[in-house]
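Here is the structure we will look at, set down as structure tokens.
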Ligand SMILES: CC(C)(COP(=O)(O)OP(=O)(O)OC[C@H]1O[C@@H](n2cnc3c(N)ncnc32)[C@H](O)[C@@H]1OP(=O)(O)O)[C@@H](O)C(=O)NCCC(=O)NCCS
């Protein structure tokens with residue numbers, strides 16, 4: 001990894017600096033709060049370049065009955081600041097989280113992928129399952145999962 005890049009576990013609150021402009025643009029800051037954000041089982045990662053937070057992702061101990069295996073975590077709040085998108089940073093932070101969870105015997109990661117992000121997840125070996133569904137105010141999503 002680039003020596004100026006660093007991935008750290010961060011608090012739920014710290015994720016808002018990226019969640020807000022990228023995932024909740026124009027909405028109140030409270031819209032960045034996700035249910036379960038502060039649970040002990042939830043993990044938040046931050047990707048820093050020269051000590052500036054440029055990307056975040058979070059993992060929640062949540063099961064989806066349509067996804068195989070019981071030992072699941074849900075990926076949420078996956079976001080890279082606009083000027084840093086498309087340069088491999090999303091892959092870097094996601095792979096870090098996957099390795100971390102893999103070491104904790106988690107078998108599956110799944111997410112509700114926005115339609116625009118489906119190619120990103122496919123590039124990272126996530127598979128779609130089931131039909132597209134709508135999430136109010138955000139748009140079409142697909143459940144995607146990866147076996148670790
Ligand atoms: C989706 C996202 C997290 C991917 O991170 P990233 O650092 O841009 O992705 P990477 O550079 O690691 O991978 C880029 C690949 O993802 C795909 N991709 C999907 N959405 C993209 C986007 N908005 N910008 C650039 N690439 C995107 C491309 O197919 C690209 O593949 P390629 O390298 O073969 O061309 C990031 O673009 C983002 O924050 N987008 C807006 C928020 C969002 O949609 N989050 C996901 C919610 S489910």
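Structure values in brief
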quantity: Boolean, residue 104 is away from the ligand (no atom under 14 Å from the Cβ) and surrounded by fewer than 16 Cβ atoms within 10 Å (Cβ to Cβ); calculated: yes
quantity: Some residue of the stretch 80-96 being away from the ligand (no atom under 11 Å from the Cβ), within 27 Å of residue 127 (Cβ to Cβ) and in a helix (DSSP H, G or I); calculated: yes
quantity: Sole exception among (1) in contact (Cβ under 8 Å) with a residue 12 or more places away in the chain; (2) surrounded by fewer than 20 Cβ atoms within 10 Å (Cβ to Cβ); (3) within 24 Å of residue 148 (Cβ to Cβ); (4) within 13 Å of the ligand (Cβ to nearest atom) for residue 69, by number; calculated: (4)
quantity: So residue 89, is it surrounded by fewer than 19 Cβ atoms within 10 Å (Cβ to Cβ), farther than 23 Å from residue 114 by Cβ and touching a residue at least 24 places away in the same chain (Cβ under 8 Å); calculated: no
quantity: Residues that are over 23 Å from residue 43 (Cβ atoms), free of Cβ contacts under 8 Å to residues at least 24 places away in the same chain and either out of contact with any strand residue (DSSP E or B) (no Cβ under 8 Å at 6 or more places or on another chain) or in a helix (DSSP H, G or I) (or both), drawn from the stretch 97-130; calculated: 116, 119, 122
quantity: Residue match in the stretch 121-134 (condition: over 11 Å from the mean Cα position of the chain (by Cα), at pLDDT 95 or above and surrounded by 15 or more Cβ atoms within 10 Å (Cβ to Cβ)); calculated: yes
quantity: The stretch 107-119 - residue that is surrounded by fewer than 16 Cβ atoms within 10 Å (Cβ to Cβ) and within 6 Å of the ligand (Cβ to nearest atom) and, of those, farthest from residue 90 (Cα to Cα); calculated: 116
quantity: Among the residues listed as 39, 34, 47, 75, the single one being within 13 Å of the ligand (Cβ to nearest atom), part of a loop (DSSP other than H, G, I, E, B) and either surrounded by fewer than 13 Cβ atoms within 10 Å (Cβ to Cβ) or under 13 Å from the mean Cα position of the chain (by Cα) (or both); calculated: 34
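The values are calculated or read from the model by the stated rules, or taken from the named source; none is laboratory data. Everything quoted here is computed from the prediction, not taken from an experiment. Every residue, glycine as well, gets a Cβ built from its backbone with ideal geometry; the counts of neighbours run over all protein chains shown.
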